[in-house]
Amino acid sequence: MRMPTRWWRPWSLVMLVLVGTTVSGSTEQPANLLENPSFEHTWSRAGSDEHLVTGWQLFLAEYPHRPDPPFGRTGSSCFVVRHDGGEFSSWRGFGQSVFVTHDESALELHLEAYIAGYRLAGPAAIAMDIEFVDGTFLMDQAAHSKVGTFGWQKLEVNVPASKPIRTIFVFGVSESLTQSAAFFDDFSLTARPVPKGSTPADSRLPCPPSHACWGSVALPVEPDFIKRARTDFPHDGITLCTQMTVDRTHLLPHISRNWGGPMSVVIFVREEKEDLVALQKLAASSQSVQDWISVHLVHNVTAMFDYPINLLRNVAWEFAPTDLVFNVDADFVPGPGAQDSLVRTWRSLVGDAEAAESPYDPEKLALVVPAFEFRPDYKPKRYTVQAGDTLSAIAESHGMKVEVIMAMNAISNPDQISAGQHIYVNDVTRGGADETHLVPASKAALLDLLRRHRAQPVHKDKFFEAHRNTRYGQWRAAEAPYVAQPGPSYEPYMVVDRRAPHYCPRFVGYGLDKVSHSHELGLVPGFKLMVEPTTFVMHINHGVADWAHPHTQNRTRVYASWYGFIYSSERQYGGGEFYTGPSLLSE
């Protein structure tokens, strides 16, 4: 059963992840699958006197992690999580990933550990996530401690798993906003065959038809609530895929006009009646929506369920009618003609998929589409054309070029403007404007905005590492695709073959969801990321969604998902930054 949402909300997680224990099933008394479960053994790096816990790797170190000898339950050490009452001390924890190989179709997992507390304002807990061989997950299997000050308390979690398991991610967490501490010791994880005649829990059964499942939560899927009218597109073309809640749909008419091709849009329905009425109005209001967009609904049947962002991305992906998909967030608008440019570039790289001379395997290729945003201090204003105005006169009075005004307003003929027409121009007084009407009509128009410091690479002021590897300086002059290297924080928007690895569905809410996808693509042997030299998307600032706000971010779930994913995927593909290979496995 999934833990109540409020249990996770304030937390995040400093993870300790075991670099690989491999487990084999046995009919004998089950052994403890965790290495160094009582934190008795430590080691130090060469030239350092810092003691690290043997068998564990520390991530996001923000607190002393050396075991304290006076507090061990059975030995000389335990793991101590201290909270100093500061802003970043309220969420802390540690974990370990176990790789499972066994012949049993069902296992009974038993996790136990001991916790003691000192002035804990919130409960500490032990938990595990389970990844099955078929790619499904069972998340947040947990037991919680007392609060306040208390001696050693035993916590236990039992999970019957009715299908083969790939990994088990075990972790301990503690949350407190006051000066306090949680003490963990004597972890044990065992697995034994499920007794014959026992009934497995529903959460381990296959996902029901016409549903999308996250762990034990099955969400009904309603395809083609709105169905695109046009079918005149090539099946080797590109479908733009995105997901959102209904309050973000106001950008869809503009996105669909600029894209001019099939779109697969998934709406996470939270308020049934209101959301469906809003969607019907949307369809009736825009011809481009009617022409190009198929809307698929995923119904939120559990009020406490977090926004399942990667699950929704995969649903949109599955309903794409073309061989290629372009996955992009709902607050990005492509430049006009983006689809045609992307198709041409893809075909130039792949050519005949059967041709031996093609250097690119379509299943191992991604086209990176550079993302930009308007600078915070760039706020054009709306100008009403007066009788006798000419575009050149308007441009001169606002210190602009005619070509820039034409690009900002998608004007094809400078002589065809009329009195009463609204156009956008630079505003030296920094007035407001709707940015959707300012998306540049071409790369040349965007380059002009960049030169005039009106636009910049997306998240340049927020977290540029997320897009740095696109190498924007090279893109400005590029006339041909060039290579982009994967990176630990890189999360570009990409066109991929529909057969490429999908998004890891364990990620919910905001944080590391796109990074996990690009990281996995970078692990696939021979996979190449190529930057498209003429196409772009523009970020349109429309506020932060409630599920993505930092104050509601489920940071514990984010980090538990991330480290469980990292070790599983890097082991699957044979190495990486964190998991370095079978030589580190304990046999």
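With (1) of a type in the set (A, V, I, L, M); (2) over 28 Å from Pro253 (Cβ atoms); (3) modelled with pLDDT under 80; (4) within 17 Å of the chain's Cα centre (by Cα) as the list, and Ile566 as the residue in question, which single condition is left unmet?
Every condition holds for Ile566 apart from (3).
If a residue must be part of a strand (DSSP E or B), small (Gly, Ala, Ser) and at pLDDT 65 or above, how many such residues does region 14-52 contain? Before you say what the answer is, go through the steps one by one.
Let us first name the residues in region 14-52 that are part of a strand (DSSP E or B), namely 16-18, 21-24, 42-43, 52.
In the following step, the residues that additionally are small (Gly, Ala, Ser) were identified as 24.
Add one more test, that the residue is at pLDDT 65 or above, and what stays is none.
Looking only at that region, the number is 0.
Mind counting the residues in region 171-195 that are part of a loop (DSSP other than H, G, I, E, B) and open to solvent by 30 Å² or more (accessible area, probe 1.4 Å)? Before the answer, list the steps.
Residues of region 171-195 that are part of a loop (DSSP other than H, G, I, E, B), as a first pass: 176-178, 194-195.
Going one step further and asking which of them are open to solvent by 30 Å² or more (accessible area, probe 1.4 Å), we end up with 177-178, 194-195.
Final tally of qualifying residues: 4.
Yes or no, residue by residue, for (1) closer than 20 Å to Thr345 by Cβ; (2) over 18 Å from the mean Cα position of the chain (by Cα); (3) surrounded by fewer than 20 Cβ atoms within 10 Å (Cβ to Cβ); (4) modelled with pLDDT of 95 or more:
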site: Gln474; (1), (2), (3), (4): yes, yes, yes, yes
site: Ala484; (1), (2), (3), (4): yes, yes, no, yes
site: Val495; (1), (2), (3), (4): yes, no, no, yes
site: Arg499; (1), (2), (3), (4): yes, yes, yes, yes
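Residue by residue, here is whether (1) closer than 24 Å to Asn409 by Cα; (2) among the hydroxyl-bearing types (Ser, Thr, Tyr); (3) surrounded by fewer than 16 Cβ atoms within 10 Å (Cβ to Cβ) holds:
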| position | (1), (2), (3) |
| --- | --- |
| Trp259 | yes, no, no |
| Phe268 | no, no, no |
| Ser288 | yes, yes, no |
| Val298 | no, no, no |
| Thr302 | no, yes, yes |
| Asp306 | no, no, no |
| Asp329 | yes, no, no |
| Thr345 | no, yes, no |
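Residues that are at pLDDT below 90, at least 1 per element: which helices (runs of 4 or more DSSP H) completely within region 338-432 meet that? Give the steps one after another, and end with the answer.
On the way: elements: 338-350, 391-397, 402-409.
Of the helices (runs of 4 or more DSSP H) lying wholly inside region 338-432, those with at least 1 residues that are at pLDDT below 90 span 391-397, 402-409.
Take Asp129 and decide whether it is among the charged types (D, E, K, R), open to solvent by 10 Å² or more (accessible area, probe 1.4 Å) and either assigned to a loop (DSSP other than H, G, I, E, B) or in contact with a helix residue (DSSP H, G or I) (Cβ under 7 Å, 6 or more places away or on another chain) (or both). Spell out the reasoning first.
Numbers: among the charged types (D, E, K, R): yes; open to solvent by 10 Å² or more (accessible area, probe 1.4 Å): no; either assigned to a loop (DSSP other than H, G, I, E, B) or in contact with a helix residue (DSSP H, G or I) (Cβ under 7 Å, 6 or more places away or on another chain) (or both): yes.
It is false that Asp129 is among the charged types (D, E, K, R), open to solvent by 10 Å² or more (accessible area, probe 1.4 Å) and either assigned to a loop (DSSP other than H, G, I, E, B) or in contact with a helix residue (DSSP H, G or I) (Cβ under 7 Å, 6 or more places away or on another chain) (or both).
Tally time: how many residues in region 450-472 are touching a residue at least 12 places away in the same chain (Cβ under 8 Å), more than 28 Å from Tyr360 (Cβ to Cβ) and either aromatic (Phe, Trp, Tyr) or buried (at least 20 other Cβ atoms within 10 Å of the Cβ) (or both)?
Selection size over region 450-472: 3.
So, in region 501-539, of the ones that are in contact with a Gly (Cβ under 9 Å, 6 or more places away or on another chain) and assigned to a strand (DSSP E or B), which residue ends up surrounded by the most Cβ atoms within 10 Å (Cβ to Cβ)?
Across region 501-539, the extreme among qualifying residues is Val537.
So Glu156 fits all but one of (1) more than 30 Å from His83 (Cα to Cα); (2) at pLDDT 95 or above; what number is the exception?
The failed condition is (1).
Looking at this structure, is Pro321 under 26 Å from the mean Cα position of the chain (by Cα), surrounded by fewer than 17 Cβ atoms within 10 Å (Cβ to Cβ) and modelled with pLDDT of 95 or more? Break it down stepwise before answering.
Details: under 26 Å from the mean Cα position of the chain (by Cα): yes; surrounded by fewer than 17 Cβ atoms within 10 Å (Cβ to Cβ): yes; modelled with pLDDT of 95 or more: yes.
Yes: the conditions hold for Pro321.
The values are calculated or read from the model by the stated rules, or taken from the named source; none is laboratory data. Bear in mind that the values here come from a model prediction, so they are computed numbers and not experimental data. Ideal geometry is used to build each Cβ from the backbone, glycine not excepted, and the neighbour counts take in all protein chains shown. Accessible surface is based on the protein model in full, side chains and every heavy atom, while ligands, DNA and RNA are left aside. Shrake-Rupley method; radii C 1.70, N 1.55, O 1.52, S 1.80 Å.
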